[in-house]
Amino acid sequence: MTTQWTQDLQPLAAAPEIVPLGPTEREQAATISQVLRPSRRTQAYLNVLALFGFAAWLQQRAPELALQIESCTNAQRLRAELLDATCNVQVGGFQVCLLPTLSWSDAEVALPRAVVDLPEFNAHFYILVGIDEDLHAAAVIGALRRDRLTTLQADLDPQIDWTYALPRNQFNANTDELLLDLQCLEPVALPLPAAEPIPDLSPQQRDSLTEHLLNLGDRPLWEVLTWPQSATLLRQPRLLEWLQRTATGDRQSLNRHLTDLLQLISQPAVNVGLWLHERAEELTTGFQWQLVAEPALRRVGTQTPGVTLASLLNEIERNTGTPVPARAGRGYLDLEIGGGVRVYAVAWSLSYEDNWILLLILGAIPGHPTPHGLQWRIADETDTLIEETLLPQRTNDYLFAQVIGSYAEKFLVTVTDASGATETLPPFEFCLQ
Amino acid sequence: MSRVVNSSVSERYWQRVRIDRLGRLQVELRPDAQAYIANWAGVATDLDLQRWLVNQWHHSQQALAGLCLECFISNQMRDFCGELAQRFGKDHDFSRDELLPLVLLEEATNAETPPLLQRIRDSFDPERGNLSTWTVRVVKSDRLVRRFLLERGIEQVTDWLILNRTNPGRLERVLRTLNATATERQEAQRLLAAYHRCYRDPLVQQRAAGTRSRYPNPSDAQLLAIAQQTAPERPPALPQVLAALQQLAQHLRADRIRARGGSVQTVQLSDTMPLAAPEPDNGSESDHFLAAYRQQFDVCLDTAIAQTIEHRVTSFQQGKQTPKARAKAQTKAENFLVALHAFHCQSASMSDIAAQLGLRDQPSVSRLLDLKHLRADIARTTLSQLKQRVLALAQAYVSPDGLRDLEARVQTVLAEEVDAAIANAQKEASTGYNRAMTSCLALAICHYLDRRRSAQ
């Protein structure tokens, strides 16, 4: 009879060193999780509490260890939303990954695949943090060192929700040993896998990712995406930002921007910085920009592209007061759509501001009729910047735009003619030599 | 007809178990309650008697009926705490008498929460089971009790906790091992997801906002929402949803037990991380180690002791915001220093220290000193200091095994006696325990505390 009284009580491997989670901490965790998709809030809340709990414990046991959380994944809300862990927490020279758990005595730990397989989230130590959010208590209850995980990795198979199930006994419950390692071990003792570049997406993968992200709603990623798609998402902060904005932003314009964004982050870009040195890159995409030099002498009646561009730029300068410096890269590209249209691109650097400027002109190829109804869209990684149509009532028979960006930013131009035919140009970037 | 409520059972209704001001267990006979019970003409089970008492208490405001219930509950509390201590006390270092005062608390801890005993009496519903079971259930879910147990390494695992923490991957695997069909697995996944959405997530958010509530059974509204999300076209009846959830939890519980595999966790621990345990006769090695680095070692040890002790003293104060909490922390810090001095410099036993400081018993002192962690912190900080001072040792710090080996040597040098003292303190009888603290660590701690005193 009496064993029934105690049969739901489970002993832990060691008495936990409990630290309190105060109202300030809980409030902060709630605020951070509240902006996320509803299905992710509980996990995100626990992720933040795990960090607070770990920090308090470290402060209690080893205050001389420096804890850095500026680049941790909770601070990047987008990653906080998708990871079932708090990664990129730095203790001394080590990266640690915190795994919150509601069930302290559980004989199994669900390790998210991302924190094992993606170099961005790898850690020297995977630390299990028990959370009792009713008692407002937390404790560090186990740690798995990377070298130990490496020996287990070959036998790990992901479960349907992209977690690895690890026996709890692989986590060392002796927290004194964790502290010993954190304080005394040299980080070189635990080499981490090298960072890998993010693989480019094929057009098919891109289309499928677009479609799936548009239909994600509040469902978990593993139900909707393939693992490579999800890995791309987790590794690309821009995509995560996009996903974040779908919670509050205008769905229609966000959806339209997603296609541009995926191209911007996955397509090879044209480095217009090279144009200043009169070099054009060969791109595999089939678009070949023609460079034009600034004409030294403007010979009347000669209609070279350089002369046409110079007179267009003169007109623009007269109308808008936008001067183009002599030291600028100039090029043009002819497209077949709209009965034959020409895009001029002029780029220069504002080195004193760490910015660059891209000036674009879209009009007919000389001798062709003005392509009324022609549209263009210019986007960067955060938004659609310009959408404009060439209408008959305009004074100019061309479209003109000027955008400014930092050296890390790229721009994407998409041209659509009146019949709906569309061409997307390779992204523009300006890399300093 | 025989009288089932015989004298040995029914005395539980008129003997009130209490904790006196000195924390001692008292059994108070209540003739008024006994006389009251004698009035009861009923003949049947405990449950019938309890039903009658509840009826008298609630509907006829019979204070003595309430008292009889309280007596019964207090007896049951004593038995349950005894049971807990018997089952877990030895391994988890606590006694029944430590637990009882929390349970038998007679004054409310705050305005919203009446004492546990009153809560049990007032929430008891004889239609849903007997008072023994209800008492145990409410005691186990009481926050003070849960905290007491969790601090000592015991977790209550309810069906709801199991479902809250279960992820879809694990559910899928468990169901596959049970040979569930694809449809059954899909249904179970939908049920779990709906449960997380409708029960777990709102509860966690309420608690984040400060509302306190243990994991209650899901409400009808929650069950309805779960039913509608699981099968929007034909939502199942509520009892069916509850049963399905409980069944799911049962499967998962069975898997947890399977995963434990009867293996003892302490064994697993040493499997995981082989601690470079010092050889039984490695005296010469540690002597050698000491001889080579004696001077640096002593400096490092002194620094480590000062840092660790000072830090422990300040950490008691951390996060204490009310004046009352600060005063309590101050007392704790003072007690800690006195206890540390008595233990290391005067070779006092923990029971003696408890008496000296007015603490309950040996386990309280043991927890206050927390020698295991104190020593680990000192050893670690010593190593960290050595790392900065002794280049010849650098190689040991670049491999986990090398580091553990070095740490084991330092530990050996520090304190064989402390190990024995900690082990002994746990089984230490209150009488006749003699020892002299002569280890390097004890001497250094003692030395530091003496200097600290004379500096003040």
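The values are calculated or read from the model by the stated rules, or taken from the named source; none is laboratory data. What you see is a predicted model; the values in this text were computed from it and never measured. In this analysis, Cβ positions are derived from the backbone assuming ideal geometry, glycine residues included, and neighbour counts consider all displayed protein chains.
Residues in region A:1-43 that are out of contact with any strand residue (DSSP E or B) (no Cβ under 7 Å at 6 or more places or on another chain) and of a type in the set (D, E): A:E25, A:E27.
Here is a yes/no grid of residues against (1) among the polar types (S, T, N, Q); (2) surrounded by 14 or more Cβ atoms within 10 Å (Cβ to Cβ); (3) in the same structural domain as B:H311 (by TED's automatic domain parsing); (4) at pLDDT below 70:
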position	(1), (2), (3), (4)
B:L374	no, yes, yes, no
B:D377	no, yes, yes, no
B:L383	no, yes, yes, no
B:K387	no, yes, yes, no
B:E407	no, yes, yes, no
B:E428	no, yes, yes, yes
B:R435	no, yes, yes, yes
B:S439	yes, yes, yes, no
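Of all residues assigned to region B:59-73, none qualifies as being modelled with pLDDT under 90, in a loop (DSSP other than H, G, I, E, B) and within 12 Å of chain A (Cβ to nearest Cβ).
Filtering region A:179-234 to residues that are assigned to a helix (DSSP H, G or I), within 14 Å of another protein chain (Cβ to nearest Cβ) and over 21 Å from A:V115 (Cα atoms) leaves A:L179, A:L180, A:Q183, A:C184.
Here region A:137-160 is the region considered, the condition is being small (G, A, S) and out of contact with any Gly (no Cβ under 7 Å at 6 or more places or on another chain), and the residue that is surrounded by the fewest Cβ atoms within 10 Å (Cβ to Cβ) is A:A154.
Region A:60-174 holds strands (runs of 3 or more DSSP E) entirely within its bounds, and those carrying 3 or more residues that are over 30 Å from B:R152 (Cβ atoms) map to A:86-91. Between A:A418, A:A408, the distinction of being within 20 Å of A:L335 (Cβ to Cβ) and among the aliphatic types (A, V, I, L, M) belongs to A:A418 only.
Across region B:90-103, the qualifying residues are those that are surrounded by fewer than 21 Cβ atoms within 10 Å (Cβ to Cβ) and in contact with a helix residue (DSSP H, G or I) (Cβ under 7 Å, 6 or more places away or on another chain), and the one among them that is farthest from B:D361 (Cα to Cα) is B:L102. Within region A:11-34, residues that are more than 7 Å from chain B (Cβ to nearest Cβ) have Cβ atoms under 8 Å from residues that are assigned to a loop (DSSP other than H, G, I, E, B) and among the charged types (D, E, K, R) in these pairs: A:L21/A:E133, counting only partners at least 6 apart in sequence or on another chain. Of the candidates B:L386, B:L368, B:L359, B:L374, the single residue that is over 27 Å from the mean Cα position of the chain (by Cα) and more than 8 Å from every other protein chain (Cβ to nearest Cβ) is B:L386. Can you tell me how many residues in region A:306-341 are modelled with pLDDT of 85 or more, surrounded by fewer than 17 Cβ atoms within 10 Å (Cβ to Cβ), part of a loop (DSSP other than H, G, I, E, B) and of a type in the set (G, A, S)? Going through region A:306-341 one residue at a time, the tally reaches 1. Based on this model, can you work out whether B:R197 counts as within 11 Å of another protein chain (Cβ to nearest Cβ), among the basic types (K, R) and farther than 27 Å from A:V48 by Cβ? When the stated conditions are applied, B:R197 does not pass them. Within region A:155-178, the set of residues being more than 7 Å from chain B (Cβ to nearest Cβ), within 17 Å of A:V109 (Cα to Cα) and free of Cβ contacts under 8 Å to residues at least 60 places away in the same chain comprises A:D155, A:L156, A:D157, A:Y164, A:L166. Reported count of residues in region A:343-382, each being assigned to a loop (DSSP other than H, G, I, E, B) and either touching a His at 6+ places or on another chain (Cβ under 8 Å) or closer than 15 Å to A:A408 by Cβ (or both), is 4.
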